[in-house]
Amino acid sequence: MRQVVTQAAGPLRGTMRVPGDKSLSHRAVLFAAMAEGTSVLTGVLDSADVRATIAAVSALGARVEGDIGAVLRVTGWGADGPSTPAGRIDCGNSGTTARLLMGVLAGWPVQVTLTGDDSLSQRPMARVTEPLARMGATFETAEGGTLPVTMRGGALIGIDYESPVASAQIKSAVLLAGLRARGRTIVTEPAPSRDHTERLLPEFGIEVGREPELDLCWVEGPAVPLACDYAVPADPSSAAFPLGAALIVPGSEVVCTGVLLNPTRIGFLLVLARMGADVLAEITQRDSAEFVGDITARFGREMEATLIEPDEVPSLIDEVPLLAVVATQAHGTTRFEGVGELRVKESDRLQAVADALTEMGAIVRSGADWLEVDGPCALRGAALDSLGDHRLAMAYAVAGRACDGEMSIERFEAVDVSWPGFGEALAL
Ligand code: S3P
């Protein structure tokens, strides 16, 4: 589907609650499926990615009832373990589904084949299969270590894993496998990635050891999660789009309520504040697992370019396309360093963003793992393709709300992966 976006829709004004956090929705459903008993989950994101996780755990024997967006009741397989599914499990576009499931299944005597769409079938899986194989699971992958992957779980032993990449998906897969392993499973990362698995597992009765100064965490196995009731807060990575749009569309003011304010997820807010943007986050709730609050963004303040350093990249990895669009309106050269991981997301986001901004008339330079954006620049409409990547579709739509002329975005339906109502929220 082709979406046309122009600045004619005028300023964005109002208060909104964006849908539930994608990372937490996947984890809440997966942990509930692994647990003994029935968990009651509210605020779970109703999107294609999370539906893939729900379909997967259902095929593996968990019982999922209710309405995703409202109240979801998940009865887990607990100590009995998952059952062998009738067919292959299609993870769709969702890397989190595929990689975390591998960890969930690694310690059970089942054989499962995981598949994905064209984008997911090109993304690296060896980063997860390699440590899980070391623990005792068996994998057959397509050439190049990609999906489809057929895995057989085994009797696992805990490992001390030094991940070469700061990736929450790798860390989570190894920790979840660790729940079925004998002894301690330790993961160390080169920089802190999002820590939702570490924060949410204790809600399901699992202790997680942590040494944050060393970017290290561990679990002791074997251990079975226990059902719990959990409310998923709104997704900061989705909120970033209307907030970013408010900063570049004259006359705008947007408030996003009930947003997850986990410190490993709000790097984009710190960067925007550093640029001088008018953004304000206020914590309204601090439960045992996560911080939650409201974020306000207003158009009007002049923004200055900034340097985004490699260590802060994991905390804003999904917001780089949006930040790059905002950077076109800041004074000076904004430089993103250590963003090579963007090349193995739902598309090669580094190349795609550089190409799209150039089409819009911005001055952009990029290298293997860096991106520079000069500003300020008057964006002009362009004919773009989301490449089936939800974050690109949304970032281009934000640019379209501030451009001269008409921005047309092919394959706009990609937004359904994380925010099916995005078009209406941005008044497209
Ligand atoms: C996610 C982790 C991130 C992020 C993705 C969701 C998660 O990937 O890009 O959208 O839920 O664990 P990494 O594995 O690179 O951290």
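Short version: what are the Cα gyration tensor semi-axes of the stretch 296-428, square root of 5 times each eigenvalue, largest first, in whole Å? So the equivalent ellipsoid measures 21, 18, 14 Å along its semi-axes. Across the stretch 145-150, coupling constants 3J(HN,Hα) worked out from phi with the 6.51/-1.76/1.60 Karplus curve, θ = phi - 60°, read x, 9, 5, x, 10, 9 Hz, and Gly and Pro carry x. What is the Rg over Rh value, at two decimals, for the stretch 22-219, using alpha-carbon atoms and the Kirkwood definition of Rh? On the Cα set of the stretch 22-219, Rg over Rh gives 0.93.
Antiparallel beta bridges, as assigned by DSSP with both residues in the chain, represent about 70 percent of the total such bridges. Charge tally for residue 148 (other residues, Cβ to Cβ under 13 Å; Lys, Arg +1; Asp, Glu -1): -3. Secondary-structure-derived ellipticity at 222 nm for the chain, considering helices only, amounts to -8000 deg cm²/dmol, per-run term -39500 (n - 2.57) for DSSP H runs with n ≥ 4. Near residue 196, once Lys and Arg are set to +1 and Asp and Glu to -1 for all other residues with Cβ below 12 Å from its Cβ, the sum equals 0. Between residue 309 and residue 283, the modelled labels are 2.3 nm apart [label points 7 Å from Cα along Cα→Cβ]. Note that the chain presents 36 Å² accessible area per residue, ligands and nucleic acids not counted, probe 1.4 Å.
Relative contact order, whole percent, for the stretch 331-377 stands at 49, derived from Cα pairs under 8 Å and 6 or more residues apart.
Report the Stokes-Einstein translational diffusion coefficient (µm² s⁻¹, integer) for the chain, Rh taken as the Kirkwood radius over Cα pairs, at 20 °C with viscosity 1.002 mPa s.
99 µm²/s
Extension gain for residue 40-residue 213 works out to 58.9 nm (0.36 nm per residue, less the C-alpha to C-alpha distance). Surface composition of the stretch 373-414: carbon plus sulfur atoms hold 47% of the accessible area, using a 1.4 angstrom probe and ignoring ligands, DNA and RNA.
In a Gaussian network model over the chain where Cα atoms closer than 10 Å are linked, find which of 284, 197, 257 has the largest mean-square fluctuation. In this elastic network of the chain, the residue with the biggest mean-square fluctuation among 284, 197, 257 is 284. Once backbone amide H atoms are built at 1.01 Å from N, residue 46 has 20 as its partners under 5 Å, excluding neighbours fewer than 5 places away on the same chain. Distances between every pair of Cα atoms in the stretch 95-155, grouped in 10 Å steps from 0 to the bin holding the largest one, split as 26, 61, 13, 0 percent.
Rolling a 1.4 Å probe over the protein heavy atoms of the stretch 22-219, with every protein chain left in place, gives an accessible area that is 47 percent carbon and sulfur.
The values are calculated or read from the model by the stated rules, or taken from the named source; none is laboratory data. This structure is a prediction, so every number in the text was calculated from the model and none was measured. In this analysis, Cβ positions are derived from the backbone assuming ideal geometry, glycine residues included, and neighbour counts consider all displayed protein chains. With ligands, DNA and RNA removed, areas are computed over all heavy atoms of the protein, side chains included. Shrake-Rupley method; radii C 1.70, N 1.55, O 1.52, S 1.80 Å.
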